[in-house]
Amino acid sequence: MICNIMSDRMPGVAHDERQEWSPGERVHLDSCPRCLAEWRLVQEVSLGWGNSAEIDLDAVARRVQLRLTNQRPVDSSTVRPVRKWVVGLAAAAALIVAVGSSALAPRQALSTPQVVSILPELGDLETDELEALFEVIPVANRTVLPPLGAGLSDLSDTELERLLAAMEG
Amino acid sequence: MENDTTTSDEALVTAFRRGDQSAATALVHRYGRPLARFLHGRGVPPSDLEDVVQETFFKAFRSLDQWRGDAGFRRWLYRIALNAGRDHWRRSRGRGMDHVTIEHDTVEGTSNPELDLDRHDTAARIRVRLGTLTHMQREVFLLRAQEGLEYPEIAGMLGTTPGAARVHYHHAVRRLKECVA
């Protein structure tokens, strides 16, 4: 039982200077190889991996501010619908090509992975652009594409992996 | 306001919405480094970290209207970071997120070279073993051990339940402990 309590406390003790082991917990740590190994693991990951993740926060803040400032105020109301419209055209073109291909090979059923793989540049789209595409592309296979209105972040691991696999061919 | 640790996230977001640019800077200073660590743990190389962190904040500030205050700002920000990380992975196929790399790994140095070497080996073993875990085990473990987040917050980020997150964490720990034993 105390091992479970120790396990739950470990990340907190490792990250929060205000938390520390009680004398009783220290005694347990010294005598329990299982807890000691877990504590070493948590310490290693929480404390030792920050070194190479250093970034210049002032530079990041400046660049973010600059991008926000340069963003046109009409961005959300005008550009996005235009982008959706363009993406919709691209999807329609893809479908025409796909239907044409399936007409040439009538025994080969048209499936969503085929449609998606016709547009190799889909793999270069940002998440929000892909989501915009999902809003306009006909869904032929619900097991691959998410339900309309769902975000990529709402997908399960399996769904996301299948989606990415379908896009990458 | 830059290193303000007392003002709540919600208050900073409100200030930013009212046009206070320094509130955005304060949020970058508050979460920039943890986000960089979080993304680095998922295979984003140090050379790309600033760009991905910058992208995360830009998308977050740009779409603040979509943030519902009921989910914490940090949780929301980390979800955006996960997506930004996936976008980075798609752009740099083959050297990214789900292939945890060890070539950039460094640990904080001490005055004892043997100890440094030993810690470097341990970190490398952990990273290699992380790559063998399932996606959920790895995400939950890193969010909990590396970031110190609680299970409900992790569950909210990953779209699972706190109980399932706990199970994933313990499975991950059981397999990773061998690296430090």
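Just so you know, all these numbers are worked out from the coordinates, no wet-lab data involved. Predicted, not measured: the structure shown is a model, and the values here were computed from it. Heads up, the Cβs are rebuilt from the backbone with ideal geometry, glycines too, and the neighbour counts pull from every protein chain shown.
Let's test the formula: R0 of 45 Å, r as the Cβ-Cβ distance of B:Glu178 and B:Arg17. What FRET efficiency results, to the nearest 0.05?
Efficiency for this residue pair is about 0.40.
Sorting B:Arg144, A:Arg18 on the 10 Å Cβ count, fewest up front, what's the list?
Arranged by neighbour count, lowest to highest, B:Arg144, A:Arg18 become A:Arg18, B:Arg144.
If each of A:Arg34 and B:Asp121 carries a label point 7 Å out from its Cα toward its Cβ, how far apart are those two points in nm?
So the two model labels end up 2.7 nm from each other.
Let's test the formula: R0 of 22 Å, r as the Cβ-Cβ distance of B:Arg68 and B:His135. What FRET efficiency results, to the nearest 0.05?
0.25
For a test of the definition: using alpha carbon positions, the gyration tensor, and the 1.5 limit on a/c, classify the range B:1-59 as rounded, prolate or oblate.
prolate
Using Cβ contacts closer than 10 Å as the measure, can you line up A:Trp21, B:Trp76, B:Trp67 from fewest to most?
Placing the least packed residue first, the sequence is A:Trp21, B:Trp67, B:Trp76.
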